[in-house]
Amino acid sequence: MDDSLKMLRDIIADVSFSYSKEPVFKLTSGKMSNFYFNLKKTTMRPDGLYLVGKVVFEKISSLGLDIKAIGGLTLGADPIAYATSMYSYLQGKGIYAFVVRKEPKQHGMGLPIEGNIEKGDKVVVIDDVVTTGGSTIKAIKAAEGFGLNIQAVLVIVDRCEYNGIENIRDCGYPVYGIYTISDFMPA
């Protein structure tokens, strides 16, 4: 594991990961789990923001993806998309960020997606943590409905529960993860 991946993993383990021998954490799905990730505690601090932007940008580059933008369902995907966009700029590239609203605006243009993107643009859908894949799939469906050309789906942490990655793959796109639960579980 390269230094940036290790440093980001260490921050996530330190501030964003909680574990209990008993299933005490209620998930969005309503199910109970022994562990919980709150990646916003990592992605909303300066070192975590920088590292997540670097790691995601390098993953996109290593996959050879030529995209205009990256984004996903608000709120978890937002700082990741912004960080990746900023890091891409520092590398002389221009990956834009976009945000998928949970509900379309009820005023103005009523857009379900915000950002400097247009129908046909090549994008990556990003999510912070995947359990069932429901939030990611909602973002995929919104991007498809907006006419975006999804090249891949990236997730920072795959919890490896409830077939999340498989459910996302069923949408027909390649899915890539940065970490899995095994990178964080106590020995």
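The values are calculated or read from the model by the stated rules, or taken from the named source; none is laboratory data. Since we're looking at a predicted model, the values are computed, not measured. Cβ: placed from backbone, ideal geometry, glycine included. Neighbour counts: every protein chain shown.
Kindly indicate whether any position in segment 87-107 is surrounded by fewer than 21 Cβ atoms within 10 Å (Cβ to Cβ), within 26 Å of Met44 (Cα to Cα), within 17 Å of the chain's Cα centre (by Cα) and among the charged types (D, E, K, R). Among the residues of segment 87-107, at least one is surrounded by fewer than 21 Cβ atoms within 10 Å (Cβ to Cβ), within 26 Å of Met44 (Cα to Cα), within 17 Å of the chain's Cα centre (by Cα) and among the charged types (D, E, K, R), which makes the answer yes.
So that you can scan it fast, the table gives a plain yes or no per residue for (1) touching a Phe, Trp or Tyr at 6+ places or on another chain (Cβ under 6 Å); (2) in contact (Cβ under 8 Å) with a residue 60 or more places away in the chain:
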site	(1), (2)
Asp10	no, no
Asp14	no, no
Tyr36	yes, no
Asp47	no, no
Val56	no, yes
Ser62	no, no
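Taking first residues from segment 110-130 that are without any contact (Cβ under 8 Å) to a residue 40 or more places away in the chain and partners that are not in a loop (DSSP other than H, G, I, E, B), the Cβ contacts under 8 Å between residues at least 6 apart in sequence or on separate chains come to Pro112/Val100; Pro112/Ala142; Pro112/Gly145; Pro112/Phe146; Glu114/Phe98; Glu114/Val99; Lys119/Phe146; Gly120/Asn149.
Answer yes or no: is there a residue in segment 39-59 that is at pLDDT 95 or above, out of contact with any Leu (no Cβ under 9 Å at 6 or more places or on another chain) and closer than 16 Å to Phe184 by Cβ. Scanning segment 39-59 turns up at least one residue that is at pLDDT 95 or above, out of contact with any Leu (no Cβ under 9 Å at 6 or more places or on another chain) and closer than 16 Å to Phe184 by Cβ.
So in segment 39-70, with the set limited to residues that are among the acidic types (Asp, Glu) and assigned to a helix (DSSP H, G or I), which one is farthest from Pro112 (Cα to Cα)? I'd like the intermediate steps shown before the answer.
As a first pass, look at segment 39-70 and keep what is among the acidic types (Asp, Glu): 47, 58, 66.
Cutting the leftovers down to assigned to a helix (DSSP H, G or I) gives us 47, 58.
Values: Asp47: 30, Glu58: 28 Å.
Result: Asp47.
Exactly one residue out of Asp158, Asp183, Asp170 is surrounded by fewer than 20 Cβ atoms within 10 Å (Cβ to Cβ), of a type in the set (Asp, Glu), more than 19 Å from Met7 (Cβ to Cβ) and modelled with pLDDT of 95 or more: that is Asp170. Per this entry, Lys41 is counted among residues that are surrounded by fewer than 20 Cβ atoms within 10 Å (Cβ to Cβ), of a type outside the set (Gly, Ala, Ser) and closer than 23 Å to Val100 by Cβ.
Within segment 2-38, the set of residues being closer than 20 Å to Ala187 by Cα, in contact with a helix residue (DSSP H, G or I) (Cβ under 7 Å, 6 or more places away or on another chain) and not in a strand (DSSP E or B) comprises Leu5, Met7, Leu8, Arg9, Ile11, Ile12, Val15, Ser16.
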